[in-house]
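One structure below.
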């Protein structure tokens, strides 16, 4: 009995020491688990926050990409429209240049043809005049006793020379005369100084209106068809010109010497016409018949 007591006491002491150690280890383990749980919760919180932030960043990035794509599409569309407009303008300018060059070439050909025709006509008139003068000289030399016959031939020859002179004037006028379709072309004709030009604007009224040394009255103006009717007072003679068209010269013979004037209407408006009157600078060289002898 005496030997068992110390053994039991020792066992109890060992058990107490083991229990205290076990309790300490259990408490430490609970502390570690609590700390781990706390860290785990914080990690999950950080992950959730990061996930939300990443989602926001991704959404913002997608929105930015959409805006960039939209802006790029608008820019491409605007660029295409600008390129299309530039190409259209370039094509229009090219066509205008081609048409202008074609008109210049046609005008040059027409001028060359007119000059060639005028040169040939002048040569014919020159030869005809020389032949007639030679014939007159021969008639004069051989006119012994035939003065009356020679006189008649001289009169005929003088008339022929007057006609030839008129032909020369017509050739010269055909080279110099052109029709002005607008103010710019009329300014060009004025600067040439070959004829006189009087511009006019005539309204439809019941009275004659003076243009240069003639009088003019508009009786009808068809702006759609660009045609017109007018009454004229030329050298105390009343004339009527009906259904006339624009840019077509209306010839007028003025005075006893029948000097050739030209009336040109460039535009027909409602109850109004605009144009000019062309008159020669040298009336003696622009008569339609011999002057009164």
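Laboratory data are not the source of any read-out in this text; all were calculated from the coordinates shown. These numbers were taken from a predicted model, which means no experiment stands behind them. Every residue, glycine among them, receives a Cβ derived from its backbone with ideal geometry; neighbour counts consider all protein chains shown.
With the Cα gyration tensor of the stretch 180-286 in hand, convert its eigenvalues to equivalent ellipsoid semi-axes via √(5λ) and list them largest first in whole Å.
On the way: eigenvalues 94, 63, 22 Å².
After scaling each eigenvalue by five and taking roots: 22, 18, 11 Å.
Which FRET efficiency value, to the nearest 0.05, is calculated for residue 85 and residue 223 with the Förster distance at 51 angstrom and r the Cβ-Cβ distance? For residue 85 and residue 223, the calculated efficiency is 0.90.
Could you work out how much longer the chain between residue 130 and residue 42 gets when fully extended? Use 0.36 nm per residue separation minus the Cα distance between them, nm to one decimal. Don't skip to the end; give the middle numbers.
Numbers: separation 88, 0.36 × 88 = 31.68 nm, distance 12.93 nm.
Roughly 18.7 nm would be gained on extension.
Between residue 17 and residue 94, the simple label model (points 7 Å from Cα in the Cβ direction) yields a spacing of 11.0 nm. Per the Cα gyration tensor, the stretch 224-278 maps to an equivalent ellipsoid with semi-axes of 22, 12, 8 Å, ordered largest to smallest.
Between residue 215 and residue 282, the contour length at 0.36 nm per residue exceeds the alpha carbon distance by 22.0 nm.
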